[in-house]
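Read the structure below first, then the notes.
The values are calculated or read from the model by the stated rules, or taken from the named source; none is laboratory data. Just so we're clear, the structure is a prediction, and the values are computed from it rather than from any experiment. Glycine also receives a Cβ, built like all others from the backbone with ideal geometry; neighbour counts cover every protein chain displayed.
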Amino acid sequence: MKLAVLAATLVLAGCGTISRHEASPPAASPPAKGAYYKDDGPGANPPPDLAAVPDAVPKAEPLHRFANRPYQVFGKDYVPAASLAPFRQIGVGSWYGRRYHGAPTSSGERYDMYAMTAAHPTLPIPSYVRVTNPANGRSVVVRINDRGPFHSDRIIDLSYAAAWKLGYTESGSARVEVETVLPGKAEPVREAKAETQGVFLQLGAFSAREAAENFRIRVYRDLAWLTEPIQVVPGGTVFRLHLGPYRSQDEARSIADRIQTELSLRPVLVAR
């Protein structure tokens, strides 16, 4: 999961926190029952009672400073969500185990195959999701702290413990439903925004979200030195790009000057 194995493909990320455990193109199909991709599999000494491992408990956390930037793997662009929001997805879920146990995740945390965590290509890091196996009705809540899977036919990679509780460790994969669980339930999005109040640089305003996302990718690509996130802020029929927050207007102006020099674009200071 070190960045070194993906250095040739992560052309948009520009930092060492977007990483993932697959260093070569994925297998054409999920592993057969009892078989594990690239010698992956359960650990030799699992906890005595995996059923007792508690689900992740959603809580308000600031989004990771680097792990939510656009990135590219195997020639495909990924644009992670820049804020918490309702989300639902149905598709094939897989899992990863001992091959990556103890290795760094995209969040910088160590992967623990016996913790209730998961990898997703675009959901915010960190965030929480409920994953349900419709075949048996089992459901778990996990914390997203990694990127992947980068298989075209899979939507999420669970930890070994989470997949075991859903009943598909032997088969390697299963059809699952993924739904975000927002901290605080009543007002989770407002709590998340509270983490990003301050001084921002507005890089542009667009009538289409796709145009805003495309320009966001371009800025990340051309200004690899940026350390603050760029958010797409919807408002009516306009989508604004906000870079920040910064601790002061002086700090923001210094960044604006550098952006103007390199992109011939003068950002506008905004406070929220």
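Testing GLY167 on (1) on the phi > 0 side of the Ramachandran plot; (2) in contact with a Leu (Cβ under 9 Å, 6 or more places away or on another chain), one condition comes back false. Which one is that?
The single condition GLY167 does not satisfy is (2).
Quickly run through the range 39-88 and pick out the residues that are within 13 Å of PRO121 (Cα to Cα) and either of a type in the set (Ser, Thr, Tyr) or not assigned by TED's automatic domain parsing to the domain that holds SER171 (or both).
The answer is TYR71, TYR78.
Can you tell me which residue in the range 117-158 is farthest from SER83 (Cα to Cα), limited to those that are under 15 Å from the mean Cα position of the chain (by Cα) and polar (S, T, N, Q)?
Checked the range 117-158; the qualifying residue farthest from SER83 (Cα to Cα) is THR117.
Please enumerate the residues belonging to the range 244-259 that are among the polar types (S, T, N, Q) and in a loop (DSSP other than H, G, I, E, B).
Selection gives SER248 alone.
Return a yes/no flag: does the range 78-89 have any residue that is touching a helix residue (DSSP H, G or I) at 6+ places or on another chain (Cβ under 8 Å) and at pLDDT 95 or above.
Scanning the range 78-89 turns up no residue that is touching a helix residue (DSSP H, G or I) at 6+ places or on another chain (Cβ under 8 Å) and at pLDDT 95 or above.
Test of understanding: among ARG209, ARG218, which residue is in contact with a Pro (Cβ under 9 Å, 6 or more places away or on another chain) and either farther than 16 Å from VAL268 by Cβ or in contact (Cβ under 8 Å) with a residue 12 or more places away in the chain (or both)?
ARG209
Would you point out which residue out of LEU182, LEU226 is at negative phi, assigned to a loop (DSSP other than H, G, I, E, B), at pLDDT below 85 and within 20 Å of the chain's Cα centre (by Cα)?
Step by step, each of LEU182, LEU226 is checked, and only LEU226 is at negative phi, assigned to a loop (DSSP other than H, G, I, E, B), at pLDDT below 85 and within 20 Å of the chain's Cα centre (by Cα).
Residue check: is VAL232 among the β-branched types (Val, Ile, Thr) and in contact with a helix residue (DSSP H, G or I) (Cβ under 7 Å, 6 or more places away or on another chain)?
Here the answer is yes, as VAL232 does meet what is asked.
So is PRO86 more than 27 Å from GLY172 (Cα to Cα), surrounded by fewer than 19 Cβ atoms within 10 Å (Cβ to Cβ) and in contact with a strand residue (DSSP E or B) (Cβ under 9 Å, 6 or more places away or on another chain) or not?
yes
Given PHE206, PHE200, which one is modelled with pLDDT of 90 or more, touching a His at 6+ places or on another chain (Cβ under 8 Å) and not assigned by TED's automatic domain parsing to the domain that holds ALA82?
Among PHE206, PHE200, only PHE200 is modelled with pLDDT of 90 or more, touching a His at 6+ places or on another chain (Cβ under 8 Å) and not assigned by TED's automatic domain parsing to the domain that holds ALA82.
Return a yes/no flag: does the range 260-270 have any residue that is closer than 18 Å to HIS64 by Cβ, assigned to a loop (DSSP other than H, G, I, E, B) and out of contact with any strand residue (DSSP E or B) (no Cβ under 9 Å at 6 or more places or on another chain).
Within the range 260-270, not a single residue is closer than 18 Å to HIS64 by Cβ, assigned to a loop (DSSP other than H, G, I, E, B) and out of contact with any strand residue (DSSP E or B) (no Cβ under 9 Å at 6 or more places or on another chain).
Go through (1) surrounded by fewer than 21 Cβ atoms within 10 Å (Cβ to Cβ); (2) of a type outside the set (D, E, K, R); (3) assigned to a loop (DSSP other than H, G, I, E, B); (4) touching a Pro at 6+ places or on another chain (Cβ under 8 Å) for VAL92 and report which single condition fails.
(3) is the only condition that VAL92 fails.
Limited to the range 47-80, what total is found for residues that are in a loop (DSSP other than H, G, I, E, B) and in contact with a Leu (Cβ under 6 Å, 6 or more places away or on another chain)?
Here the count works out to 1.
May I ask you to list the residues in the range 48-65 that are within 24 Å of PRO229 (Cβ to Cβ) and modelled with pLDDT of 90 or more?
Once the filter is applied, which keeps residues that are within 24 Å of PRO229 (Cβ to Cβ) and modelled with pLDDT of 90 or more, the range 48-65 yields ALA56, PRO58, LYS59, ALA60, GLU61, PRO62, LEU63, HIS64.
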